[in-house]
Amino acid sequence: MTATVHWAGELTARSSIVHAGDTRGTATLLRRETIATPQGLELIPLISGNAVRGRLRRIGEELLRDTLELEGTLPLTAAYALRNGGSLHKSGGNPLSGRRRAEIRTLVPQIGVFGCAASGTIIDGCLQVGKAIPHVSETEHITGIESDVSAFDLVQLETYSHTDDLNDHAAPTLDPATVDDTGPADDSNQMRYSIETFPAGTRFSTHFRLDRATDLQIAFFTDILTTFAATGRLGGRLAIGHGLISLDTQTEIVGGWYEPLDWRHHLLDQRADIIDALRELR
Amino acid sequence: MTRPPHSTPTPTNLTTSPTDRWLAALPVLAPLTGPAGTAERLLLCLHYGIDWPNSWVGRYRTTYWSQILPDRVLKSTYRANTLASWWTQVSTDLTSTPRNPAERAETAALLQADSRPVLHILREQTPALLLRVRLVADAVRDQRTAMHPTPAELPGTQAGVDLVSAGRP
């Protein structure tokens, strides 16, 4: 039996979020889309579903990897297919048959949920991920959330410096043979750059939907969402403090029904079959 | 014999705004009207208010028209819901300040316009607007040079050719 389950989500930025779009000089701007508002067309920054989906995919891959102890067991194509969705390229041999694609979807929940590209074919998954739309006045008619904050007042520009301290007294001593004294004396790597971000505290509306998913896929994805909600990151520049988020969801069973399942025990019983199936991906 | 009535010459520059005078230097290009006209005139005020000798912008003349000015005009529109907010950001960024009472008065008046359509045009048509501003600036400079040439700027002198070819804003 399969079910269609919908999660309505509200994301909250716990630190400022970077989501690169255009670059102007040394400034990286947010990704923007045209939104038809009651006042006319406006360019509004928002987070793509692709970015959200990518984070969820990586959480799923790590949950699967840790449960089945997959590290060091998979060929490159399979590793890519699980981690980042793989790529569509000529692989030699025949593409996977419809029957074999269905078997892999059922057997490997990471592929059943997210899909992948491998063995010269696209294996589609059952997951749909919504864009993360900020709660601003220009998106009230989309999110249903009233706001007196305009998108044009919301975003900020954060400035950073790349410090060139190679000539400071504490800098490591260079091998004189490697130093080129023929260049300009003020050849410095010092620079200032800026990044446009959504401030901490920004709220976004999004959604997740599993279409006709199995009990295994629903259980697996529910754990992914729980992990994302508790410890999730979103966007870029995570290494310097950007992208902390929290997530609140409301679940709705749209069609069918499902039974809760301990997906870890279920997969551990089929570990060998799963690894064999993944090794078939070329 | 009666004296001719005393008359004080009325300088023409008292009846036209600074942007009117700048735009008049390029008669082949009719000034834009409506929100586009406001955008064009604000950009002219921005350009002419830059403190070239003392600001960082003066060190980047070679990329001023191609990168510095368009990047900063556009970036500021993304974080401004009003013309006043946009002007505050971009003028601070470029160290631009109206230079005299007439320019100050006109800038303040232009900033009273309905913000949304002007910001829309500044955002959507930045290169096209700045192309016009550059053409006007070139025409104003050429006019000024022709009216008040320094000996070095006299046509036919190497220094005069050098000034033009150096692309001085």
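Read the figures in this text as sums done on the coordinates, not as results from a lab. The structure displayed is predicted, hence computed values, not measured ones. Every residue, glycine among them, receives a Cβ derived from its backbone with ideal geometry; neighbour counts consider all protein chains shown.
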query: Which value in nm describes the separation of the simple spin-label points at B:His148 and A:Met1, placed 7 Å from the Cα toward the beta carbon?
result: 8.9 nm
field: Averaged over B:74-81, number of beta-carbon atoms from partner chains that fall within 10 Å
entry: 6
query: Once Lys and Arg get +1 and Asp and Glu get -1 on their Cβ, which of B:Leu111, A:Leu107, A:Thr206 lies farthest toward the positive end of the dipole of the protein assembly as shown?
result: B:Leu111
- request: Specify whether the C-alpha gyration tensor of the range A:21-148 places it in the rounded, prolate or oblate class, a ≥ b ≥ c being the square roots of the eigenvalues: rounded for a/c under 1.5, otherwise prolate if a/b is larger than b/c and oblate if not.
  value: prolate
query: Near B:Val90, within a Cβ-to-Cβ distance under 13 Å, what is the net charge of the other residues, with Lys and Arg +1 and Asp and Glu -1?
result: +3
task: Under 1.5 on a/c is rounded, so check that first for the protein assembly as shown, then, if it is not, pick prolate when a/b is larger than b/c and oblate when it is not; a ≥ b ≥ c are the square roots of the alpha carbon gyration tensor eigenvalues.
output: prolate
query: What is the dipole size for the range A:25-89, taken about its Cα centre, with +1 at each Lys and Arg Cβ and -1 at each Asp and Glu Cβ, in debye to the nearest 20?
result: 180 debye
query: When you look at the Cβ of every residue in B:65-73, what mean number of other chain Cβ atoms sits within 10 Å?
result: 2
- prompt: Just counting partner chain Cβ atoms within 10 Å, what average do the residues of peptide A:145-155 show around their Cβ?
  reply: 3
- request: Classify the range B:48-143 as rounded, prolate or oblate, taking a ≥ b ≥ c as the square roots of the eigenvalues of its Cα gyration tensor: rounded when a/c is under 1.5, otherwise prolate if a/b is larger than b/c and oblate if not.
  value: rounded
- request: Per residue of the range A:204-219, in order, report the coupling 6.51 cos²θ - 1.76 cosθ + 1.60 (Karplus, θ = phi - 60°) as ³J(HN,Hα) in whole Hz, putting x for Gly and Pro.
  value: 10, 9, 8, 7, 9, 8, 9, 9, 6, 9, 7, 4, 4, 5, 5, 5
query: Excluding B:Val73 itself, what net charge comes from residues whose Cβ is under 11 Å from its Cβ, given Lys and Arg +1 and Asp and Glu -1?
result: +2
task: Note down, for the range A:1-65, the three equivalent ellipsoid semi-axes (square root of 5 times each alpha carbon gyration tensor eigenvalue), biggest first, whole angstrom.
output: 29, 20, 11
message: If packing is taken as the average count of other Cβ atoms within 10 Å, what order do A:229-235, A:198-204, A:248-254, A:80-86 fall into, highest mean first?
response: A:80-86, A:198-204, A:229-235, A:248-254
field: Residues with amide H under 5 Å from that of A:Thr37, placed H, sequence gap 5 or more
entry: A:Glu42
task: For n ≥ 4 DSSP H runs only, could you compute -39500 (n - 2.57) per run for the protein assembly as shown, divide by its residues and tell me the 222 nm figure to the nearest 500?
output: -12000 deg cm²/dmol
query: Where the centroid of each part is defined by its Cα atoms, how far is the range A:232-265 from the range A:19-61 in Å?
result: 19 Å
- request: For A:Glu158, list long-range residues whose amide hydrogen, built 1.01 Å from N in the peptide plane, is under 5 Å from its own amide hydrogen.
  value: A:Ile195, A:Glu196, A:Thr197
